[in-house]
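For reference, the structure is listed below as structure tokens.
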């Protein structure tokens, strides 16, 4: 099965579920139902990151991939609460570290791309940071001009597209890095 046959439904279903979670009749201001909606949003996001990253790995190791995806999503959420402007940096760290976990190795191995292909890795990182900040701006604009469920759906489609581009790009660079023998010094 092609990776895109897994990725496209994951992005669209995630956007649809996230949009449904902001349905006006559903969204309370506080209480147990609100916490349940937050937990559902978290679970859907973790599932999407795991499925998308797994789609770009030859034989994903699901248990560590889901656990690491959950950790990255949790840190991104906490960063968004504490310092919103730093959230794309956390997401970039996720893009770098999730592909090795999908390939059943330690997350820190994702940084090998900077040793073996420094220019490519740096340009990809800078491009993904710029794209992430542009996605945040798009989300703000969608919040102003396209509100409600439709705005949430469009926002999550944008976030899903940016995340997919990043995971696909870093996964390809990671596979290229690990397929080559190390350079002899």
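Sort through 20, 80, 43 and tell me the only one that's under 15 Å from the mean Cα position of the chain (by Cα), closer than 20 Å to residue 142 by Cβ and surrounded by fewer than 18 Cβ atoms within 10 Å (Cβ to Cβ).
Details: 20 fails: under 15 Å from the mean Cα position of the chain (by Cα); 43 fails: closer than 20 Å to residue 142 by Cβ.
Every option except 80 fails the conditions.
Does residue 150 satisfy the criteria of being out of contact with any strand residue (DSSP E or B) (no Cβ under 7 Å at 6 or more places or on another chain) and farther than 18 Å from residue 72 by Cα? Full working, then the answer.
Numbers: out of contact with any strand residue (DSSP E or B) (no Cβ under 7 Å at 6 or more places or on another chain): yes; farther than 18 Å from residue 72 by Cα: yes.
It is true that residue 150 is out of contact with any strand residue (DSSP E or B) (no Cβ under 7 Å at 6 or more places or on another chain) and farther than 18 Å from residue 72 by Cα.
Counting residues that are over 27 Å from residue 62 (Cα atoms) and free of Cβ contacts under 8 Å to residues at least 24 places away in the same chain, which helices (runs of 4 or more DSSP H) fully inside the stretch 85-171 reach at least 2? Walk me through how you get there before you give the answer.
Working: elements: 87-102, 112-116, 118-145.
Correct list: 118-145.
Among the residues in the stretch 150-167, are any over 20 Å from the mean Cα position of the chain (by Cα), closer than 21 Å to residue 15 by Cβ and modelled with pLDDT under 95? Steps first, answer last, please.
Taking the stretch 150-167 and keeping what is over 20 Å from the mean Cα position of the chain (by Cα), we get 150.
Cutting the leftovers down to closer than 21 Å to residue 15 by Cβ gives us 150.
With the extra rule that they be modelled with pLDDT under 95, the set shrinks to 150.
Yes; the residues of the stretch 150-167 include at least one that is over 20 Å from the mean Cα position of the chain (by Cα), closer than 21 Å to residue 15 by Cβ and modelled with pLDDT under 95.
Residue 57 versus (1) in a helix (DSSP H, G or I); (2) touching a residue at least 24 places away in the same chain (Cβ under 8 Å); (3) in contact with a helix residue (DSSP H, G or I) (Cβ under 7 Å, 6 or more places away or on another chain); (4) surrounded by 19 or more Cβ atoms within 10 Å (Cβ to Cβ): which is the lone unmet condition?
(1) is the only condition that residue 57 fails.
Please go through the stretch 112-145 and pick out each residue that is exposed (fewer than 14 other Cβ atoms within 10 Å of the Cβ), under 17 Å from the mean Cα position of the chain (by Cα) and closer than 26 Å to residue 178 by Cα.
Selection gives 126, 127.
Which residues, counting only those in the stretch 60-70, are surrounded by fewer than 16 Cβ atoms within 10 Å (Cβ to Cβ) and either under 12 Å from the mean Cα position of the chain (by Cα) or not in a helix (DSSP H, G or I) (or both)?
Within the stretch 60-70, 61 is the sole residue that qualifies.
The values are calculated or read from the model by the stated rules, or taken from the named source; none is laboratory data. The structure displayed is predicted, hence computed values, not measured ones. Quick reminder, even Gly has a Cβ in these numbers, built from the backbone with ideal geometry, and neighbours come from all protein chains shown.
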